[in-house]
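Below: the structure, in structure tokens.
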Amino acid sequence: MTTYLLHDDALRSHELRHEISEPIMDEMIFIEHDGRRILIGSVLEVAIFDDRPEIVDEFWLQDDLGSEELMKDRSFPVDLIDAEIARRALERLGAPRVVVPPGFRLHTADYLRAGGIEVVVDSEAWMKRRRRKTPGEIEGIERAQRATETAMIAAQRMLRAAEPIPDGRLRFEGETLTAEWIREVMQQELGNQGADCEEIIVHSGDACLRGHEIGSGPILPDKPVIIDCFPRDRRTGAYTDMTRTFVPGTPSPEIKKLHADCRAALEVALEEIRPGRDGAHRAVVEFFHDRGYPTREHHEGERPLQVGFFHSLGHGVGLEVHERPWVGRRPDKLEVGDVVAIEPGLYFPDVGGVRLEDTVLVLEDGAQHFTDPLPYDLEV
């Protein structure tokens, strides 16, 4: 019998947020033992979990495990009170061994081990639990996705309305159009729909060669603009991730080709998004390689590849924007219920780059978008 244990607050611990579905800021103890899901907290949390059997089977008060007496005992370290409550709860359940995630509080683990309880860190076990998204998380991802699409359309409208000026920049509503301005407008749109995104990547021209730098400065006419938006739904804490590439003006033949090949690569990847498979990244690598593009897997230089397709194809999405399953060089086999973002991209100096990204749900018959996907049109 495996006993699972968490001791944390649900703002810091993604594992606890996944298990209890609520953003509780105070430390709580979660135990799953012999099929029973038990949450231990204070009177402040009772009403939240009352009559919610889909989340917990039992709610135990800290007071019933002696927290008040421990608080009054000045000889007992205050920072170990919750650890002692966890030890008493496990003793009551007859659980001599617990499985915890890698981020489990070290002082609690040390205290439990000193008390004779075996504490086992098992990242795979907790990863598998989190890959099974709750209904609330799925709803949150869909809400975040709809908010992202609205924000992306707002950015597209700004690019469409912008006019080139002689100094090589774009003017929008009388001012120079910048990555910062697009980001601000998108963040406002997201906020209006209950989503947040502190860092939206807005890359114009060769800025795409700078990886995860969020982008700054003027938007250039006739150059590709990559916009990568990965907001969090406030209600559930669940993320989505989407990227589109636009050209304000006339795209070059090179960019048109990169865009067409990235669009085709996205379809190649989506065909591989099936339960039991792990070949999407490799399929896209070979697709790009066959068309003459540099890829990290075929690169033989001494320095890391920084052009062509030089990053992983994708990643899991949930309570973190990058989580398991991985969809890259060391992929996980996909399972029904996984949520993954797929993002083929190609980047070259003096040309710019293209990246297209969708977040999808893995079902028995393949990948399902959370909404009708926003069009992939290159020209605004």
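Quick note: the coordinates plus some simple rules give every number you see, no bench work behind them. Remember, it's a predicted structure, so these values are computed and weren't measured experimentally. FYI the Cβ positions are ideal-geometry reconstructions off the backbone, even for glycines, and counts take in every protein chain you see.
Before moving on, here are some points about what is shown:
- Distance between the 7 Å Cα→Cβ label points at Arg171 and Glu139: 4.9 nm.
- DSSP beta bridges confined to the chain are antiparallel in about 80 percent of cases.
- Residue-span extension gain [Asp73 to Arg132] - 0.36 nm each, minus C-alpha spacing: 17.0 nm
- Max mean-square fluctuation residue, GNM over the chain, Cα-Cα springs under 10 Å, options Arg87, Arg210, Arg131: Arg210
- Where (1) 33.7; (2) 18.1; (3) 22.6 are the candidate values, the label of the one calculated here for mean projected area of the Cα convex hull in nm² is (3).
- Computed per residue of the chain from DSSP H runs no shorter than four, each worth -39500 (n - 2.57), the mean residue ellipticity at 222 nm is -10000 deg cm²/dmol.
- Highest-fluctuation residue, Ile226, Ile141, Ile117 considered, GNM on the chain with Cα pairs under 10 Å: Ile117
- Of Arg88, Arg52, the sequence from fewest to most neighbouring Cβ atoms within 10 angstrom is Arg52, Arg88.
- The GluC sites (Glu not before Pro) of the range 277-332 that meet both conditions, a loop assignment by DSSP and at most 12 other Cβ atoms within 10 Å of the site Cβ, are Glu300, Glu302.
- With Cα atoms, 0 to 90° folded angle of helix 280-290 axis to the chain main axis: 20 degrees
- Simple spin-label estimate for Arg291 and Glu271 in nanometres, 7 Å along Cα-Cβ: 1.3 nm
- Contour minus Cα-Cα distance for Arg235 and Glu180 (0.36 nm per residue): 17.2 nm
- Between Glu364 and His107, the modelled labels are 5.0 nm apart [label points 7 Å from Cα along Cα→Cβ].
- FRET efficiency for the Ala47 to Glu124 pair, using the beta carbon distance and R₀ = 45 Å, is estimated at 0.80.
- Largest mean-square fluctuation among Gly301, Gly35, Gly116, in a Gaussian network model of the chain whose springs join Cα atoms under 10 Å apart, belongs to Gly301.
- Sites matching GluC sites (Glu not before Pro) across the range 1-100 that sit in DSSP coil, with at most 12 neighbouring C-beta atoms within 10 Å: Glu54
- Listed by chain and number, the lysines placed with their C-alpha closer than 29 angstrom to that of Lys333 are Lys128, Lys133; residues fewer than eight positions away on the same chain are left out.
- The chain: angle of helix 179-192 to the longest principal axis, Cα-based, in degrees nearest 10: 50 degrees
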